[in-house]
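The values are calculated or read from the model by the stated rules, or taken from the named source; none is laboratory data. Since the model is a prediction, treat every value here as computed from it, not as a measurement. Here the Cβ is made from the backbone with ideal geometry for all residues, glycine too, and neighbour counts use every protein chain on show. Remember, those area values only see protein heavy atoms, side chains included, never the ligands or the DNA or RNA. Shrake-Rupley method; radii C 1.70, N 1.55, O 1.52, S 1.80 Å.
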Amino acid sequence: MTDTVNHLVNLDDYETRARELLDPAAYDYIAGGADAEVSLGLPRRALDAIRLRPRVMTDITTCDLSTTVLGHPVPAPILVAPSGDHGIAHPAGELATARGAADTGTVMVVSSGSTYPLEDIAAAAAGPRWMHLPLLRDRDLAVELLRRAERSGYSAICLTVDHKVMAKRERNIRNRWSTPPSPNFPAAAVPRAEWDVTGAAIRKRFDGLLDRSATWPYVSWLAERTSLPVVAKGVLAGADAALAVASGAAAVIVSDHGGRQLDTAVPPIEALPEVVAAVGDRAEVYVDGGFRRGTDVLKALALGARAVLIGRPVLWGLAVDGAAGVSAVLLMLRDELETAMAMCGAAGVAGVTKELVR
Ligand SMILES: Cc1cc2nc3c(=O)[nH]c(=O)nc-3n(C[C@H](O)[C@H](O)[C@H](O)COP(=O)(O)O)c2cc1C
C-alpha cells in the first residue's frame, strides 16, 4: 500500500484511488449529491473565485495553526465532519476513523448513523469526539442517544438541522443502493432483505425517524437536557444562525450537507460572511463543503470561520489506507494550510484576517 500512498499528493488523488478500490455503488453513495448534483460543483467554483491578497515580509519563522473549538485545543482548524456508514469504506469503519483522527489530535464528529456503536467508537481512540444527532421524531430515542454519548465521553452534540426529509439522490436510486441500518437505531432498522433491493426502503426509514415539525425550540429542548454544548449543523442563512444561537446553540456549522440535500443551495463559503455577521461573538462558526486545499481553509478562516470540517476526503483516506489514510488526509490538508498561511504572511490563525481575501 505504501508505494501507492506515496503517489497521492493531494486530497483529490485520495478520491481517485478510493474510487479504484471501492464498489462503484459505494463510491457513488459517498461521492454523490442530490438531484442534478449542481451543488457538488458550487463550493469548488466559489472557493476558486476568491482571490488571496498576501502580505509579504512578515516573520513566519513559526506558523502556529493551533486553535480551540468549544474549548478543545486542536492542532489545526480542520475537523472531521459527521458521515454515516464508514463500514462501507473500510471494514474497521469508524473505529479506524477515530484512531486516524485521534492520531492527528483533531475532533471527530461521529455520525449517529455509524456502522459501529457509539460506545465502541469511543473505546477505539482517546481523541476528542462530538456526537451528531438527527432531528429525531422520537424524543425518547434522542435522549437515550444523548445519555449514551455523555456516558462514553462525547463532549458536544451536533444537531443536524438541514435533514428533515431525505433528498432524491439519483445515483443511489439507479444503483438500488440503500444504506445498511446503524446499530444505534435498532428500532428503526430496515429488514436486511429490503435494504439492498430498493431505494424506497431508506426513504421510508428516514421519514419515520425524522421530525418534519421540528422548529428552533427543538434546539432549546435539547440544550436543556444536557450540559454538553449543542452545535447546530446545516445553516446557510444569517437569520437561521441567529435563531440557532438564541435557542441555545454554542456553535453553528455553515453547511449544505455536502450537496446531498437541497441541490443548488448557496455554497457554504458564500453563506459564511452573512452567518458570521449575524452570530458575532455569541457563538463559534464553522463551515464545511468542498474543502480540499489548504488555500480553501485559509479563505474560510479569513471570512470568519473558526474551523472547517471535511467529509468525503476522510472517507477516501479511510478506503485507501484505514486509520493511516485518515491521518494522512488530515495532515496533508494541515500541511497545505501551513504553507498557504506562511505565503500570506500569517504566523498564526489570529493573523488570518479578511484583508487577506478579495
Ligand atoms: C457519505 C456521507 C454521509 C454523511 N452523513 C451525514 C450524517 O450522518 N449527518 C450529517 O449531519 N451530515 C452527513 N454528511 C454531510 C457531512 O457532514 C458534511 O456536511 C459534508 O460531507 C461536507 O462536504 P465535503 O464532503 O465536501 O467535505 C454526510 C456526508 C457524506 C459524504
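Things worth noting here:
- Which listed residue, of Ser114, Ser178, is hydroxyl-bearing (Ser, Thr, Tyr), part of a loop (DSSP other than H, G, I, E, B), within 12 Å of the ligand (Cβ to nearest atom) and open to solvent by less than 60 Å² (accessible area, probe 1.4 Å): Ser114
- Any hit, segment 75-82, residues being on the phi > 0 side of the Ramachandran plot and either part of a helix (DSSP H, G or I) or of a type in the set (A, V, I, L, M, F, W, C) (or both): no
- Counting the residues of segment 16-27 that are within 16 Å of Gly311 (Cα to Cα) and either more than 10 Å from the ligand (Cβ to nearest atom) or open to solvent by 60 Å² or more (accessible area, probe 1.4 Å) (or both) gives 4.
- Test: Ala265 is within 16 Å of the ligand (Cβ to nearest atom), open to solvent by less than 40 Å² (accessible area, probe 1.4 Å) and at negative phi: yes
- Filter result for Ala46 (under 24 Å from Ile269 (Cβ atoms) and assigned to a loop (DSSP other than H, G, I, E, B)): no
- Qualifying position, being open to solvent by 20 Å² or more (accessible area, probe 1.4 Å), modelled with pLDDT under 80 and in a loop (DSSP other than H, G, I, E, B), among Val197, Val165: Val197
- Of all residues in segment 117-139 being within 16 Å of the chain's Cα centre (by Cα) and open to solvent by 20 Å² or more (accessible area, probe 1.4 Å), the one that is nearest to the ligand (Cβ to nearest atom): His132
- In this structure, Gly258 does satisfy being under 15 Å from the mean Cα position of the chain (by Cα), outside any loop (DSSP other than H, G, I, E, B), within 16 Å of the ligand (Cβ to nearest atom) and not hydrophobic (A, V, I, L, M, F, W, C).
- Within segment 270-304, tally of residues that are under 15 Å from the mean Cα position of the chain (by Cα), assigned to a loop (DSSP other than H, G, I, E, B) and not aromatic (Phe, Trp, Tyr): 3
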